[in-house]
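Comments concern the structure below.
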Amino acid sequence: MTTRLSPKIALLLTLPPLLWAGNAVVGRLAVGTVPPLALNFVRWLIAFALLWPLGRAALAQRAALRPRWRHLALLGILGMGSYNALQYMALHTSTPLNVTLIAASMPVWMLAIGRLLYGVRPRPQDLLGAACSMAGVLLVLAQGRPARLLSLQFVPGDLLMLLAIVSWALYSWMLARPPASMQGEQRPAWNWAEFLLVQIGFGLPFCGLSAGAELLLADNAQWHWTPWLVPLLLYVAVGPALIAYRCWGLGVATVGPAVAGFFGNLTPLFAALMSAALLGLWPQWYHGVAFVAIVAGIVISSRR
């Protein structure tokens with residue numbers, strides 16, 4: 001059961017797109033410096049170490065972990081082992097514009113997976129909100145010139161980003177609709193840090209195996225150390241990982257993944273503003289129009 005969107009929850013769901021936009025910018029900067037799968041592995045390894053003092057008690061509860069390991073392992077693989085790894089890989093072969101465009105399809109995949117796997121039928125306002133929000137995103141990507149979208153060319157990295165978005169939609173629905181063993185009195189008494197640490201613990205082996213395979217099989221999978229590499233790693237571990245995942249989990253649990261998915265459309269808007277700031281360019285008129293359209297989509301979709 002979801003509740004009405006409140007200002008507090010709206011703020012919680014706005015912070016992850018802001019941090020994820022920075023993650024996309026940093027991921028692009030890391031191209032040629034850190035291999036993508038290695039970046040994802042080290043990111044979650046640092047996050048695991050930072051969370052360890054707060055959540056280590058949960059990993060010692062074998063009686064609670066054993067009957068739930070399949071669900072927890074899938075959460076770890078989808079949320080930690082797949083989404084960002086695929087995004088970092090996509091940024092190596094695709095353009096930021098294409099990656100942002102594909103990421104903007106998140107509400108559509110949220111609604112589709114909810115209908116196909118969970119029997120949640122989209123309401124008319126969900127579809128209208130999706131259309132309104134997507135229009136705002138496309139306006140930003142087209143830089144106010146719709147004809148520009150017709151000149152886009154897609155590359156293999158675009159497929160990787162599509163897979164990343166699907167994995168994130170599945171992860172979000174699994175958070176909102178957990179099995180009976182993770183509901184009510186049957187759910188272990190884990191706080192947010194313990195639950196996130198458990199997910200990371202199950203996802204880390206998959207991340208490590210992927211990074212190892214990358215090192216053995218991929219060309220140019222070597223690290224190139226620079227002075228800003230350590231701040232880069234700390235940012236992707238603390239901001240887009242710990243803070244964003246905590247806020248996203250609270251928001252999804254409150255309003256549901258379908259409504260939360262519309263906030264994901266703020267990511268390309270924030271990314272466009274960050275890119276403009278790095279290039280010394282001021283926001284244009286279409287940024288304001290797009291922001292209004294995206295917020296309108298969120299408001300429409302969150303109405304009862």
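The numbers here are math on the coordinates, done by the rules we state, and not lab data. From a predicted model like this one, the values you see are computed outputs, not experimental measurements. All Cβ positions, even for glycine, are placed from backbone atoms using ideal geometry, and neighbour counts span all protein chains on display.
Computed quantities for the displayed model
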item	result
Dipole magnitude of the chain, debye to nearest 20 (Cβ charges: Lys/Arg +1, Asp/Glu -1, about Cα centre)	840
Residue order, fewest to most beta carbons within 10 Å, for Trp109, Trp190, Trp20	Trp190, Trp109, Trp20
Whole-number percent relative contact order across the range 7-302, with pairs defined as alpha carbons under 8 Å at least 6 apart	42
Ascending count of other beta-carbon atoms within 10 Å, so fewest first, for Met106, Met182, Met174	Met182, Met174, Met106
For the range 1-115, the spread of Cα positions along each principal axis, largest first, Å	46, 40, 28
Selection from Ile298, Leu50, Leu217 lying farthest towards where the dipole of the chain points positive, charges on Cβ	Ile298
Exposure proxy ranking, count of Cβ atoms within 10 Å, fewest first, for Tyr171, Tyr88	Tyr171, Tyr88
By average C-beta atoms within 10 angstrom, highest first, the peptides 224-236, 156-168	156-168, 224-236
log₁₀ of I(q)/I(0) at q = 0.11, 0.14, 0.18, 0.20 Å⁻¹ - the range 48-147, Debye sum with one point per alpha carbon	-0.58, -0.83, -1.03, -1.09
Size-normalised alpha-carbon gyration radius of the range 7-302, reference 2.2 N^0.38 Å	0.99
Separation in nanometres of the label points that stand 7 Å from Cα toward Cβ, at Asp219 and Leu116	3.4
Stokes-Einstein D for the range 170-304, Kirkwood Rh over Cα pairs, 25 °C, 0.890 mPa s (µm²/s)	133
Unit charges on C-beta of K, R, D, E only; dipole of the range 159-304, Debye	500
Mean Kyte hydropathy of 0.5 or more with a Cα span along the axis of at least 18 Å, helices from DSSP in the chain	7-29, 36-59, 124-141, 156-176, 192-217, 266-279, 285-302
Pairwise label distance in nanometres, Thr226 with Gln284, each label 7 Å out on the Cα-Cβ vector	2.7
Selection from Leu204, Thr14, Val259 lying farthest towards where the dipole of the chain points positive, charges on Cβ	Val259
